[in-house]
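**Q** This is the structure, below, for whatever I ask next.
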């Protein structure tokens, strides 16, 4: 059986294709802008991914957490650093964020295992 | 295997029955009021369903999106119109709404296919 | 003394100028996209303003309510129609939206008085 | 100069009158239902007011906090009990609730002083 | 097949273990504080669990609802009382809370059946 | 007349004193934990302040924005860097965050002017 993170990846890719299979220019531009926001600038791209992770956690969106978590791991953040970011999100967002901290812990374990194996 | 939209329909019906199998008058009146709000008035019912769809999208509730999406399709909104409403929701609610735009795209595809076949 | 709506208008204009007095392209493009989303398309611009109003109400943002309320009044929506949209927002968002319904009622009164006088 | 709580009371009364000065039945019924929900039932009315206070705090609505805070004080809750309810709200809702805990502390001080004087 | 509530229990336990398998002191202290907040004090522990339930419902977190629901049932709240608390949550949080009221109704049925059998 | 940021500082200090003038240990520990979360660790304190700023912006809390903004300026973040963080918050949180971007721009201008003068 596929790991939940793999299922997320497939669902995300397929879903984005469906959303972007449209004549709607505003939606296409929204998605394009969403990419450029996280690029290198005055802040390095990796810092922005960490910002995206914490924003996703306090807004309690597992799909968004998974996406930014993977970007953070690829950008070289270590487990201890990511845990501190999640700690900030818990503090700001409260215990209602705990289920998402659980989700993040599972996804992080998977991503770090893949990195070691990779 | 049932399409996720069919699963939603069954879960919703069964769940509402459980919620309303109660002596609690406030809950019953809340559900009754929820129905009348979307009826024809100074604004046509179909406009209100579109309002309900966008409200559900920015509040990021997939079940609520599915419910209003079906009402919108039955009220005759075309795919292009619904996509523009989702575009407004993305703009107002931000990228955190994207997973719900993905969900809406899948549900909409199912509902439109059913309409063609119907 | 200025009406609160006038104060909002001035604060909004001055604030937007400050935000946009920047080299940051993402912010400029975000604001530009925010405008185009509400233009005429498959849905008329006025319907989109009503969607923006309800989205703003359920997300409980008075400044956003004021902005879309003015657009709705200029687009010709009558008081009765706007009240029905607010009614949908109350139903979807709950009593926590009531303080914003109060705010909207005050702003609407001001905008309609101005229209009559205008 | 009037205490902020007095200003709130006046703004609330005037605002509610404006909202309810309407032919819109859904809005009137919504307000009516909002009252009956907090009446005595299987749970005493005072417990429900405390529930309303905590719900208002985690949803971060100062007007709603003020309203339920006054009901709680009138229902006989002591400062220590209300502080524990606010403590639950802080824990569930996180540090983003702190500004509302500050607001609640100011309002509570005013309400308790009035009660002593009364 | 396991009841969804049993699945929740296992997922929750396993997830918390993963989150707490860390050197991060802030996260450990956050979890510890989260426990003490619900203990007996000026308000009885059971009242605080009911506050936690309503806070979870208006913030729309099914895992949090399930957790506090079980605590409430163990603390002796009867179905009618819990329904009134959910009624307050619906009123405050709006129809967007309905899917969570459905979830709560299913979980409550399971918990009460277990209690009778126990 | 005092700058709004000065008013915020005074209100915040006075409010926190009122909240912490209590026997309630949970509230005191919550505030203490809130401080330690932002200290140097695996991530530098300044990165955590930027995380706190973006979390505050997407959760739309002006007081929280002001607090973290001041910490960010004191930690040496330049205007361009802070604008990019706000850009991420706008993208994630949507146009509903715009009024808070306006607020942040005003506060930032004040803080940077003070720094130059300082």
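The values are calculated or read from the model by the stated rules, or taken from the named source; none is laboratory data. Keep in mind the model is a prediction, meaning the values are calculated, not measured. Here the Cβ positions follow ideal geometry from the backbone for every residue, glycine too, while neighbour counts run over all protein chains shown.
**Q** Out of all the residues in the stretch D:15-38, which are in contact with a helix residue (DSSP H, G or I) (Cβ under 6 Å, 6 or more places away or on another chain) and within 7 Å of chain C (Cβ to nearest Cβ)?
**A** Across the stretch D:15-38, the qualifying residues are D:15, D:18, D:19, D:22, D:24, D:26, D:27, D:30, D:34.
**Q** Inside the stretch C:79-98, can you point out the residues that are facing another protein chain (nearest Cβ under 7 Å) and surrounded by fewer than 22 Cβ atoms within 10 Å (Cβ to Cβ)?
**A** C:80, C:81 - these are the residues of the stretch C:79-98 that are facing another protein chain (nearest Cβ under 7 Å) and surrounded by fewer than 22 Cβ atoms within 10 Å (Cβ to Cβ).
**Q** Can you tell me which residues in the stretch A:1-29 are surrounded by 16 or more Cβ atoms within 10 Å (Cβ to Cβ), part of a loop (DSSP other than H, G, I, E, B) and touching a residue at least 40 places away in the same chain (Cβ under 8 Å)?
**A** Across the stretch A:1-29, there are no qualifying residues.
**Q** Taking the stretch F:58-76 only, how many residues are closer than 20 Å to residue A:60 by Cβ and surrounded by fewer than 20 Cβ atoms within 10 Å (Cβ to Cβ)?
**A** The qualifying residues number 0.
**Q** Can you say whether residue A:73 is under 25 Å from residue F:46 (Cβ atoms) and over 14 Å from the mean Cα position of the chain (by Cα), as far as the supplied structure shows?
**A** No, not satisfied.
**Q** Quick one: which of F:60, F:46 is closer than 13 Å to residue A:93 by Cβ and more than 7 Å from chain A (Cβ to nearest Cβ)?
**A** Testing whether each residue is closer than 13 Å to residue A:93 by Cβ and more than 7 Å from chain A (Cβ to nearest Cβ) leaves just F:60.
**Q** With the checklist (1) in contact (Cβ under 8 Å) with a residue 24 or more places away in the chain; (2) touching a helix residue (DSSP H, G or I) at 6+ places or on another chain (Cβ under 8 Å) in hand, flag the one item residue C:45 doesn't pass.
**A** Answer for residue C:45: the failing condition is (2).
**Q** Just to check your reading of the model, which residue among A:118, A:41 is away from chain D (no Cβ under 14 Å), at pLDDT below 95 and more than 15 Å from the chain's Cα centre (by Cα)? Working first, answer last.
**A** On the way: A:41 fails: at pLDDT below 95.
Only one candidate qualifies: A:118.
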